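Novice: Okay, handing you the structure first.
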Amino acid sequence: MRLLTIVLLCCSFNCLAQPKIDFGNTIVELGEVPEGPIYNITWYFHNTGNEPLVISDVKSSGSILLVSNYDKSPVRPGGQGCVQASLTTKGWANNRVNKSLVVKSNAREIILTAQGFVTTDSLDHKDRPDTFTNMVTNAVVKSNDVYYNIQPGDVLFQDLDCGAECDAIEKVTEGIDGMDFSHCGIVVQMGNEMMVVEAYGAVKATLVNDFLARTKDASGKPRVVIGRLKDEQSSLADESAEIAKKYIGKGYDDAFEMGNDKYYCSELVYECFKKANKNKPFFQLNKMTFKEPGTDTIMSFWVDYFKKLGKPVPEGKKGINPGAMSRNKDIQIIRLQQL
């Protein structure tokens, strides 16, 4: 009897320990959209279970809705992920589209749907967005009950705890006032939600509060500061935020190579502000260094890192990093405050 009780208890615990995938809304309603553009669609989800969630596959039901990206790494309990797709409207004028994706995971299979009506007259719809998301009324987002002094166009600089890579980045770069930053992203408004567009595994949009929750100091405060353009340049910040949405779904640039249509975190911010600034750099590129400070020796971490990529260490190549961006004279650094 005692053995049976133990077995039953173990079975109960195993049954309770499982991932749960919650998209809130599985249908993204596009409304009326003009024929021609390719529309980017993102479905955000949360793991509301108590075990890591892994998406094993995402498949499309047709040729006009194509999968562009999805989170392939395990999503921790309470964490957020996304599935991204692109919808082609050419040749679909005066037709209603209703296309689906099938998401397979270690939780359950879910069908995501994008639907709308494709029109012929683009003039009446010139202000329509080309990026859509299920986040407008997503009831699972409880973290946004907390608000901060953050606004669209802000650059968030983060001291990210990602292990040896973050330590190596911070060792060869320096932020304003000696602060350490290993990550950054742009704040954008998407529907009713404040998000951060960031190159983090891939270019994606993350809820502000999920972004802030990644790393905290001993007192429980997020290790993040705000970089905000001065008032006379606020329109440039707003434009940069809108441009950032168009990069969602792009790949991550592991090799830190400029101009390959993949992006690391500070490269993404650099490109968005450059485009908003009429293709003139707002943040300046610098020669990258991977050397141990005060020596002429490449740090062992970077030697191993680039060896695994099969690429030479890009010592002296042009690039950019969060620390250098935080020292830009045209932005003001603002301490994060909970409202």
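Novice: Name the residues in segment 320-339 that are free of Cβ contacts under 8 Å to residues at least 60 places away in the same chain and more than 21 Å from ASP296 (Cα to Cα), would you? Spell out how you get there, then give the answer.
Specialist: The initial filter retains those residues of segment 320-339 that are free of Cβ contacts under 8 Å to residues at least 60 places away in the same chain, namely 320, 329.
The one that is free of Cβ contacts under 8 Å to residues at least 60 places away in the same chain and more than 21 Å from ASP296 (Cα to Cα): LYS329.
Novice: Output yes when any residue across segment 241-258 is over 17 Å from CYS166 (Cα atoms), among the aromatic types (Phe, Trp, Tyr) and assigned to a loop (DSSP other than H, G, I, E, B), and no when none is.
Specialist: For segment 241-258, residues over 17 Å from CYS166 (Cα atoms), among the aromatic types (Phe, Trp, Tyr) and assigned to a loop (DSSP other than H, G, I, E, B): present.
Novice: Sticking with this one: Would you please name the residue that is modelled with the highest pLDDT, looking only at residues in segment 113-139 that are surrounded by fewer than 16 Cβ atoms within 10 Å (Cβ to Cβ) and closer than 30 Å to LYS216 by Cβ?
Specialist: VAL136
Novice: Among the residues of segment 76-111, which ones are surrounded by 13 or more Cβ atoms within 10 Å (Cβ to Cβ), in a strand (DSSP E or B) and not polar (S, T, N, Q)?
Specialist: Those that are surrounded by 13 or more Cβ atoms within 10 Å (Cβ to Cβ), in a strand (DSSP E or B) and not polar (S, T, N, Q): GLY81, CYS82, VAL83, ALA85, LEU87, VAL97, LYS99, LEU101, VAL102, VAL103, LYS104, ILE110.
Novice: Limited to segment 60-84, what total is found for residues that are without any contact (Cβ under 8 Å) to a residue 60 or more places away in the chain and either small (Gly, Ala, Ser) or over 18 Å from ASP22 (Cα atoms) (or both)?
Specialist: 10
Novice: Quick one: what pairs do we get from segment 300-319, first residue farther than 16 Å from ASP253 by Cα, second loosely packed, with under 13 Cβ neighbours inside 10 Å and not basic (Lys, Arg), C-beta under 6 Å, 6+ apart or different chains?
Specialist: Hits for this filter: PHE301/ALA164.
Novice: Next question. In segment 174-206, what count of residues is obtained for those that are in contact with a strand residue (DSSP E or B) (Cβ under 9 Å, 6 or more places away or on another chain) and not in a strand (DSSP E or B)?
Specialist: Summing the residues that are in contact with a strand residue (DSSP E or B) (Cβ under 9 Å, 6 or more places away or on another chain) and not in a strand (DSSP E or B) in segment 174-206 gives 8.
Novice: From the list ASP210, ASP154, ASP254, which residue is modelled with pLDDT of 90 or more, crowded, with 16+ Cβ neighbours inside 10 Å, in the same structural domain as ASN277 (by TED's automatic domain parsing) and not polar (S, T, N, Q)? Let's see the steps before the verdict.
Specialist: Details: ASP210 fails: modelled with pLDDT of 90 or more; ASP254 fails: crowded, with 16+ Cβ neighbours inside 10 Å.
Matching residue, one of ASP210, ASP154, ASP254: ASP154.
Novice: Does any residue in segment 166-192 that is in the same structural domain as GLU242 (by TED's automatic domain parsing) and of a type in the set (A, V, I, L, M) come within less than 9 Å, Cβ to Cβ, of a residue that is at pLDDT below 85 and part of a helix (DSSP H, G or I) six or more places away or on a different chain, and which pairs are these?
Specialist: Sorted first by the residue in segment 166-192, then by its partner, the pairs are MET190/MET135; MET190/VAL136.
Novice: Restricting to segment 285-320, what's the tally of residues that are surrounded by 12 or more Cβ atoms within 10 Å (Cβ to Cβ) and in a loop (DSSP other than H, G, I, E, B)?
Specialist: 12
Novice: Can you confirm whether segment 298-321 contains a residue that is at pLDDT below 90 and among the small types (Gly, Ala, Ser)?
Specialist: no
Novice: Still on this model: Name the single residue that is farthest from ALA255 (Cα to Cα) among those in segment 210-237 being part of a helix (DSSP H, G or I) and touching a Pro at 6+ places or on another chain (Cβ under 9 Å).
Specialist: First pass over segment 210-237, keeping only residues part of a helix (DSSP H, G or I): 210-212, 231-237.
Cutting the leftovers down to touching a Pro at 6+ places or on another chain (Cβ under 9 Å) gives us 211-212, 237.
Numbers: PHE211: 24, LEU212: 26, ALA237: 28 Å.
Restricting to residues being part of a helix (DSSP H, G or I) and touching a Pro at 6+ places or on another chain (Cβ under 9 Å), the top hit is ALA237.
Novice: I want to confirm something. Restricting to segment 199-227 and keeping residues that are in contact (Cβ under 8 Å) with a residue 12 or more places away in the chain and charged (D, E, K, R), which single residue is nearest to GLN151 (Cα to Cα)?
Specialist: Among residues in segment 199-227 that are in contact (Cβ under 8 Å) with a residue 12 or more places away in the chain and charged (D, E, K, R), the one nearest to GLN151 (Cα to Cα) is ASP210.
The values are calculated or read from the model by the stated rules, or taken from the named source; none is laboratory data. Only a predicted model underlies this, so the values are computations on that prediction, with no experimental measurement involved. Using ideal geometry, Cβ is built from the backbone for each residue, glycine included, and neighbour counts are taken over all protein chains shown.
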